[in-house]
There are 2 protein chains.
Amino acid sequence: MKVTINDVAKLAGVSMKTVSRVINKEPSVRKKTYDIVMSAVKELNYQPNIAARNLAGTSSFAVALVYDNPNAYYVIDMQNGVLSRCKDEGYELVIHPCSSTDAQMQDEFKTMIQRSRLAGLVLTPPLSEQQDIINLLDEMSMPYVRLLSGREEQNEGKNNSILVNDFAAAYEITEHHIHHGHKNIAFVLGDKEHKSTTERFAGYLQALKDNDLSFNPSLVFEGHYSFESGVNGAKHLLADNNKLGVTAILGGNDEVAAGALFAARLMNIEIPAQLSISGFEDSPFSRQTWPKLTTAHQANNVISEHAARLLFSKTRSSRKQEKDIITNFTPSIVVRESTGPAPL
Amino acid sequence: MKVTINDVAKLAGVSMKTVSRVINKEPSVRKKTYDIVMSAVKELNYQPNIAARNLAGTSSFAVALVYDNPNAYYVIDMQNGVLSRCKDEGYELVIHPCSSTDAQMQDEFKTMIQRSRLAGLVLTPPLSEQQDIINLLDEMSMPYVRLLSGREEQNEGKNNSILVNDFAAAYEITEHHIHHGHKNIAFVLGDKEHKSTTERFAGYLQALKDNDLSFNPSLVFEGHYSFESGVNGAKHLLADNNKLGVTAILGGNDEVAAGALFAARLMNIEIPAQLSISGFEDSPFSRQTWPKLTTAHQANNVISEHAARLLFSKTRSSRKQEKDIITNFTPSIVVRESTGPAPL
DNA sequence: AGTTAAATTGACAGCGCTGTCAATTGGCTA
DNA sequence: TAGCCAATTGACAGCGCTGTCAATTTAACT
């Protein structure tokens, strides 16, 4: 029933250590030996014991995913992406939800790292943007990968960040509206503490500028990443029978856009005939509205998978480096039914 | 930096084994000894090494949460509930998303169990309703706890199930509508493969019966647990200018209800003045609609925590039994703005 | 006090694997 | 062919803890 590394060694006619080398893809193993061992592994269906590896080795076989994010869809995508890579690599995934505002979080964080003897961790926004956490990890010289909102040129010299180009996404979405003849394009921003908010806003501004449209500050609503904020924002922007003449609204994310959509419906505004609305992220949320949202697709499960790859590439130097790790993602626009030409 | 059980033993002036006994809350430890050891543990801030415990002991210190559920909110709640208990008990949580329809799932399942040397697992619907999985676990004599939709009387004799009384929830919600004077109460059902669907439907029927209202099959729409299904269901039920005279709709869950809400809005039906709509589960979804949904609150994080407790109580017989584990949950109605008196 | 059983504690091996370092092999040059 | 270095392999200890079982202490009796 239980197959140990010793059984494999006997069957292959080599030492345990050599089997260990094969399992861990260490160099200095002859091709022939490798094949013999591998066939023995397969014949016995050998499964390395993670606990023993953790105990005996210097580095452990567990990575943590740390998040403080109310968006369940986002979290699940992150988990699944990292998890799939972990399975391939034979690692365990420790999930660690936490509150970034909690004062004792750092302690709890430290305890977790000690207890689990982690090989490394993946940080998602907004924790990945918190300098004190980064410092703490650097102090402990613990490998980590950050998921951040940012542009490619900002990633130079760093080799532990995965950037999502929210600037470009916002730029593209704004141009989508502009090309549809929209002039008065409003923006319901997300939480301003999040870097994604400032990046998206910057992209929006740049697109306006590049298309010779003037920026009207009253078309910007400073809100939060929530449905309700979208409702409030849209109500505010469209107040007084839309005296501002808004014909398009960028929601800070899909939830915000869904809220805006709802508010517009309540005001008997036809979507997209009278008003175009777009979101960001392409969460399942964007398909649960009616009409479905035009949004910027961001493959969070893919992104998180690459984050995991990057982490693994840093963790095990003995293994050959993976060369196809993408560290810069640019969301691409998905046009659905919530946007269209500007009304005449 | 690294504190081992040996350090604690020295400081406390006892053997390693005694420290081990204290850590594991084994019986046969004098109160005085216990206190001495515990103070040493605290002084050194000793953290047991999970890998070593797993390796040395017969049972491991990891439990798995297995799910096949597209509802991210549900999954997150489940995770958090089980996770909080795991932290208290010093266990690890292994999350295992999988597809119940996938043919090779059982194999993968087995592999996971072998690899991780699990102490036990928590199964959520619809996996918890699959007999082949139950059989497999029984064969391996692996402890598990099932989360199921069902009524208290059905839980007798079983000690590995946590029941959510969807019957009672549906009964209560249906009566809520009835007491508001509704007569033509429609129901957009969820997936009929899920036991929660049949339970909720049964509760609805019972409530109608107990209040001397006749059951009209054409007021039932067989749908799915999705927003879109809610839209379609409501459209169907309210067709032809509501010739069926529907004044209230039960959504199979909150997503369905949200869909129904949206469809009604599109038809310019006022909620709740002309039509009452209710959901189930009280997911964040139900607060992201406008008006907010009346629904049946189901504290999934609490439920999953009790599932974990139940599992732990079965896992370590040496530890004193927990007596306050709730194995039967009855959701309670939360009245918000989407329901009201029947129109005249 | 003396005896006996029960409760409490400790010594020690070993869980399955990897790190260290020494032994062996093979490939190459002179 | 001998000689030498690098590549490859193996022997062995030990990671931090728990199970086993024996040693010791305590309590409960004649």
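Scoring A:H96 on the criteria (1) within 10 Å of another protein chain (Cβ to nearest Cβ); (2) in a loop (DSSP other than H, G, I, E, B) leaves a single failure, condition (2). Counting the residues of segment A:116-125 that are modelled with pLDDT of 75 or more and either of a type in the set (F, W, Y) or outside any strand (DSSP E or B) (or both) gives 5. Contact map, segment A:13-42: first residue within 14 Å of chain B (Cβ to nearest Cβ) and within 23 Å of A:F312 (Cα to Cα), second residue part of a loop (DSSP other than H, G, I, E, B) and more than 7 Å from DNA strand D (Cβ to nearest atom), Cβ cut-off under 6 Å, separation 6 or more or different chains; pairs are A:I23/A:P48. Checked against the criterion of being of a type in the set (A, V, I, L, M, F, W, C) and surrounded by fewer than 17 Cβ atoms within 10 Å (Cβ to Cβ), the candidates B:L266, B:L261 yield just one match: B:L266. Only residues that are open to solvent by 30 Å² or more (accessible area, probe 1.4 Å) and within 12 Å of DNA strand C (Cβ to nearest atom) were counted in segment B:21-49, giving 13. Check whether at least one residue in segment B:102-121 is out of contact with any Leu (no Cβ under 8 Å at 6 or more places or on another chain), open to solvent by 50 Å² or more (accessible area, probe 1.4 Å) and touching a residue at least 40 places away in the same chain (Cβ under 8 Å), and report yes or no. So far as segment B:102-121 goes, yes, one or more of its residues are out of contact with any Leu (no Cβ under 8 Å at 6 or more places or on another chain), open to solvent by 50 Å² or more (accessible area, probe 1.4 Å) and touching a residue at least 40 places away in the same chain (Cβ under 8 Å).
Identify, please: which residue in segment B:1-17 is near DNA strand D (Cβ under 9 Å from one of its atoms) and open to solvent by less than 80 Å² (accessible area, probe 1.4 Å) and is, among those, farthest from B:I50 (Cα to Cα)? Please lay out each step first, then the result.
Here is the first cut: in segment B:1-17, the residues near DNA strand D (Cβ under 9 Å from one of its atoms) are B:2-9, B:15-17.
If we keep only those that are open to solvent by less than 80 Å² (accessible area, probe 1.4 Å) too, we end up with B:3-9, B:15.
Working: B:V3: 13, B:T4: 12, B:I5: 12, B:N6: 15, B:D7: 17, B:V8: 16, B:A9: 18, B:S15: 20 Å.
Result: B:S15.
Residues in segment A:38-63 that are away from DNA strand D (no atom under 13 Å from the Cβ) and in a helix (DSSP H, G or I): A:S39, A:V41, A:K42, A:E43, A:L44. For segment B:236-258, a residue qualifies if it is surrounded by fewer than 17 Cβ atoms within 10 Å (Cβ to Cβ) and charged (D, E, K, R), and the qualifying residues are B:D240, B:K243.
Checking B:A56, B:A52, B:A72, B:A62 one by one, the residue that is within 10 Å of chain A (Cβ to nearest Cβ) and touching a residue at least 40 places away in the same chain (Cβ under 8 Å) is B:A62 and no other.
Every residue, every condition in (1) in a helix (DSSP H, G or I); (2) within 14 Å of another protein chain (Cβ to nearest Cβ); (3) within 23 Å of B:N69 (Cα to Cα), yes or no:
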position	(1), (2), (3)
B:R200	yes, no, yes
B:A207	yes, no, no
B:E228	yes, yes, yes
B:V231	yes, yes, yes
B:L244	no, no, no
B:L250	no, no, yes
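If a residue must be within 16 Å of B:E129 (Cβ to Cβ) and either in a helix (DSSP H, G or I) or not charged (D, E, K, R) (or both), how many such residues does segment B:185-198 contain? It would help to see each step written out before you state the result.
Taking segment B:185-198 as the starting set, the residues that turn out to be within 16 Å of B:E129 (Cβ to Cβ) are B:190-198.
Going one step further and asking which of them are either in a helix (DSSP H, G or I) or not charged (D, E, K, R) (or both), we end up with B:190, B:194-198.
Residues in segment B:185-198 being within 16 Å of B:E129 (Cβ to Cβ) and either in a helix (DSSP H, G or I) or not charged (D, E, K, R) (or both): 6 in total.
Determine whether B:S59 is in contact with a Lys or Arg (Cβ under 8 Å, 6 or more places away or on another chain), under 30 Å from B:D7 (Cα atoms) and open to solvent by 30 Å² or more (accessible area, probe 1.4 Å). Against the criterion (in contact with a Lys or Arg (Cβ under 8 Å, 6 or more places away or on another chain), under 30 Å from B:D7 (Cα atoms) and open to solvent by 30 Å² or more (accessible area, probe 1.4 Å)), B:S59 qualifies. Screening B:I134, B:I113 for residues that are away from DNA strand D (no atom under 16 Å from the Cβ), within 12 Å of chain A (Cβ to nearest Cβ) and not in a strand (DSSP E or B) leaves exactly one candidate, B:I113. If you check A:H224, A:H176, A:H182 for being in a loop (DSSP other than H, G, I, E, B) and in contact (Cβ under 8 Å) with a residue 60 or more places away in the chain, only one passes: A:H182. Check whether at least one residue in segment B:148-156 is open to solvent by 30 Å² or more (accessible area, probe 1.4 Å) and closer than 30 Å to B:P48 by Cβ, and report yes or no. Taking every residue of segment B:148-156 in turn, none turns out to be open to solvent by 30 Å² or more (accessible area, probe 1.4 Å) and closer than 30 Å to B:P48 by Cβ.
Can you name the residue in segment B:269-286 that is small (G, A, S) and either within 10 Å of another protein chain (Cβ to nearest Cβ) or buried (at least 24 other Cβ atoms within 10 Å of the Cβ) (or both) and is also farthest from the chain's Cα centre (by Cα) among such residues? Checking each candidate, the answer is B:S276.
The values are calculated or read from the model by the stated rules, or taken from the named source; none is laboratory data. Being a predicted model, the structure only gives us computed values, none of them experimental. Glycine also receives a Cβ, built like all others from the backbone with ideal geometry; neighbour counts cover every protein chain displayed. These area figures cover heavy atoms from the full protein model, side chains too; ligands, DNA and RNA do not enter into them. Shrake-Rupley method; radii C 1.70, N 1.55, O 1.52, S 1.80 Å.
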